[in-house]
Amino acid sequence: MKRCLTDRQREFVDMAAELADRFAERAAEHDRDNSFPHENYEDMRAAGFLRISLPEELGGLGGGMADILPAIERLAMGDGATALAVNMHISPLGQWSSVWRRTGDERLAEFLRLAAEDKLVWAAVTSEIGTPNLMTDARTTATKVAGGYLLNGRKNFGTNTSVATHCSTTARYEDPELGPRLMLFRVALDDPAVTIHQTWDMMGMRATQSNDVEYKDLFVPEESLVHSLPVGHLDARVMETVFAWAMPAFGAVYSGVAAGALDWAKRQLIRRGLASSARVQDTVAECEILLESSRSVLYRHADEFGSRRAIEELTVQEGLSRCALVKYVCTNNATEIFRKLVDAVGGASYVRKLPFERMWRDVQAGLFMPFANYAAKELIGATALDVELAPST
């Protein structure tokens with residue numbers, strides 16, 4: 001279905017389209033070899049795509065949330081794994097760019113300039129085995145020492161760490177006065193106390209190479225502590241930055257994978273002379289409706305959070321519920337599109353050398369990424385029934 005975009009959105013989508021078509025030619029090889037697409041990053045760097053969420057005043061392209069989401073979706077149409085990986089760079093930089101636009105903080109400006117100069121690539125490394133990754137607690141520990149903290153622990157799903165220079169990460173600190181705190185740190189990934197373990201060998205999203213990241217007595221200076229909150233609390237700053245940006249960005253990735261499969265399927269159906277079939281038309285219509293429904297929720301989210309209305313008018317739990325909803329709708333609609341397309345495409349959907357099969361495997365990852373389905377529905381349902389799940393800060 002034809003998109004109605006602003007001039008800025010069209011500029012970014014056109015950039016993403018050129019890259020996506022190139023990446024699609026490499027996707028099968030990286031999926032088969034379980035390898036990271038370093039050449040894709042060189043192409044994105046050369047095109048300026050790594051800078052789309054950075055302020056123009058600091059050397060970026062100035063895209064806000066509403067500008068970035070269609071571009072992420074279009075990139076994922078060609079290669080979902082690359083789109084998911086680079087999203088771990090673009091989304092956090094968009095978060096902090098929005099904070100800089102409000103505050104003018106010079107330390108933050110210096111950090112963003114490094115990214116605009118291609119001297120910094122980011123990753124978000126917070127997931128741990130056995131935790132829901134809701135930014136309320138961590139098994140990684142922080143121990144206070146002179147001038148900073150020592151971090152010890154192991155993270156999984158370290159997406160983008162194959163190319164990132166730095167990451168944001170979490171650790172639990174037992175504060176003697178305030179009690180247990182969740183600490184958010186900035187970490188340099190080239191530190192000798194950081195080890196990236198080559199553990200990634202999954203069904204889909206293979207080229208993300210989301211390997212485990214281990215910290216052994218990693219010293220993090222005091223100035224690299226970004227934020228802290230009481231363990232077990234829902235936090236306004238985390239909602240406003242991390243979840244308000246990450247959840248729609250994840251939604252855009254998986255919507256893009258589904259859009260790519262739908263585009264491929266339509267070409268196959270037309271080529272095979274099935275476009276006039278009422279059953280085929282019905283299936284394609286259902287898929288188009290699901291995709292457009294996801295886009296509607298995405299753009300409502302971008303409007304409400306980009307304008308800060310959601311941040312100013314909603315409680316923290318209500319805001320998080322909105323974030324969970326946009327990710328839930330997009331990822332579940334994406335998997336449903338694939339289920340429906342199998343009926344129309346038939347056996348071609350099962351042929352490994354065709355892109356549909358890889359896209360189908362890639363899209364499954366969306367269901368368990370945060371907020372995973374159970375966690376999202378608990379948050380949405382409890383909020384709708386005025387049940388407080390946790391205290392808010």
Within region 218-232, the residues that are open to solvent by less than 30 Å² (accessible area, probe 1.4 Å) and of a type in the set (Gly, Ala, Ser) are Ser224
Across (1) open to solvent by 40 Å² or more (accessible area, probe 1.4 Å); (2) touching a residue at least 40 places away in the same chain (Cβ under 8 Å); (3) not aliphatic (A, V, I, L, M), Glu174 clears everything bar (2)
Flagged in region 354-384 as assigned to a helix (DSSP H, G or I) and either buried (at least 21 other Cβ atoms within 10 Å of the Cβ) or aromatic (Phe, Trp, Tyr) (or both), in numbering order, are Phe356, Arg358, Met359, Trp360, Asp362, Val363, Ala365, Gly366, Tyr374, Ala376, Leu379, Thr383
* Asked: Any residue in region 230-245 that is in a helix (DSSP H, G or I), over 27 Å from Gly319 (Cα atoms) and of a type in the set (Lys, Arg)?
  -> no
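Taking region 332-382 on its own, how many of its residues are of a type in the set (D, E, K, R) and on the phi > 0 side of the Ramachandran plot? Explain how you work it out, then say what you get.
As a first pass, look at region 332-382 and keep what is of a type in the set (D, E, K, R): 336, 339-340, 343, 352-353, 357-358, 361-362, 377-378.
Those still in the list that are on the phi > 0 side of the Ramachandran plot too: none.
So the answer is 0.
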Within region 23-49, the residues that are free of Cβ contacts under 8 Å to residues at least 60 places away in the same chain and either open to solvent by less than 50 Å² (accessible area, probe 1.4 Å) or in contact with a Gly (Cβ under 8 Å, 6 or more places away or on another chain) (or both) are Phe23, Asn40, Asp43, Met44, Ala47, Gly48, Phe49
Only one of Leu151, Leu112 is buried (at least 23 other Cβ atoms within 10 Å of the Cβ), in contact (Cβ under 8 Å) with a residue 60 or more places away in the chain, of a type in the set (A, V, I, L, M) and farther than 14 Å from Val242 by Cβ, namely Leu151
Is it fair to say Arg45 is farther than 19 Å from Asp362 by Cβ, in a helix (DSSP H, G or I) and modelled with pLDDT of 95 or more? yes
Scanning region 195-223 residue by residue, those within 14 Å of Tyr149 (Cβ to Cβ) and not aromatic (Phe, Trp, Tyr) turn out to be Lys216, Asp217, Leu218, Val220, Pro221, Glu222, Glu223
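Restricting attention to region 70-96, and to residues there that are among the polar types (S, T, N, Q) and crowded, with 24+ Cβ neighbours inside 10 Å, which single residue is nearest to Val257 (Cα to Cα)?
By that ranking, first place goes to Thr82.
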**Residue check, Leu189 crowded, with 18+ Cβ neighbours inside 10 Å, touching a strand residue (DSSP E or B) at 6+ places or on another chain (Cβ under 8 Å), closer than 30 Å to Leu61 by Cβ and not acidic (Asp, Glu)** = yes
Among (1) open to solvent by less than 50 Å² (accessible area, probe 1.4 Å); (2) assigned to a loop (DSSP other than H, G, I, E, B); (3) in contact with a helix residue (DSSP H, G or I) (Cβ under 9 Å, 6 or more places away or on another chain), Lys119 falls short only on (1)
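Hey, could you check region 295-315 for residues that are within 14 Å of Glu73 (Cβ to Cβ) and hydroxyl-bearing (Ser, Thr, Tyr) and say which is surrounded by the most Cβ atoms within 10 Å (Cβ to Cβ)? Show your work before the answer.
In the first step, residues of region 295-315 are kept if they are within 14 Å of Glu73 (Cβ to Cβ); the result is 295-299, 301-302.
Then drop every residue that is not hydroxyl-bearing (Ser, Thr, Tyr), which leaves 296, 299.
On the way: Ser296: 11, Tyr299: 18.
For region 295-315, the residue satisfying everything is Tyr299.
Matching residues to (1) touching a residue at least 60 places away in the same chain (Cβ under 8 Å); (2) open to solvent by 10 Å² or more (accessible area, probe 1.4 Å); (3) closer than 19 Å to Leu75 by Cβ; (4) touching a Phe, Trp or Tyr at 6+ places or on another chain (Cβ under 8 Å):
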site: Met239; (1), (2), (3), (4): yes, no, no, no
site: Ala246; (1), (2), (3), (4): yes, yes, yes, no
site: Ala252; (1), (2), (3), (4): yes, no, yes, no
site: Ala258; (1), (2), (3), (4): yes, no, yes, yes
site: Lys266; (1), (2), (3), (4): no, yes, no, no
site: Ser277; (1), (2), (3), (4): no, yes, no, no
Answer yes or no: is there a residue in region 316-326 that is part of a helix (DSSP H, G or I), open to solvent by 30 Å² or more (accessible area, probe 1.4 Å) and either of a type in the set (Phe, Trp, Tyr) or closer than 15 Å to Gly256 by Cβ (or both).
no
Taking region 193-232 and keeping only residues that are of a type in the set (Gly, Ala, Ser) and farther than 16 Å from Thr143 by Cα, one is left with Gly204, Ala207, Ser210, Gly232
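I'm trying to understand the selection: among the residues of region 134-172, which are of a type in the set (Ser, Thr, Tyr) and either within 16 Å of Pro192 (Cα to Cα) or part of a strand (DSSP E or B) (or both)?
Quick first cut of region 134-172, residues of a type in the set (Ser, Thr, Tyr) only: 136, 140-141, 143, 149, 159, 161-162, 165, 168-170.
Of everything in region 134-172, those that are of a type in the set (Ser, Thr, Tyr) and either within 16 Å of Pro192 (Cα to Cα) or part of a strand (DSSP E or B) (or both) turn out to be Thr141, Thr143, Tyr149, Thr161, Ser162, Thr165, Ser168, Thr169, Thr170.
The values are calculated or read from the model by the stated rules, or taken from the named source; none is laboratory data. Since the structure is predicted, the reported quantities are computational estimates derived from the model, not experimental observations. Neighbour counts are summed over all protein chains in view; Cβ atoms, including those assigned to glycine, are modelled from backbone coordinates with ideal geometry. Side chains included, ligands, DNA and RNA excluded: accessible areas come from the protein's heavy atoms. Shrake-Rupley method; radii C 1.70, N 1.55, O 1.52, S 1.80 Å.
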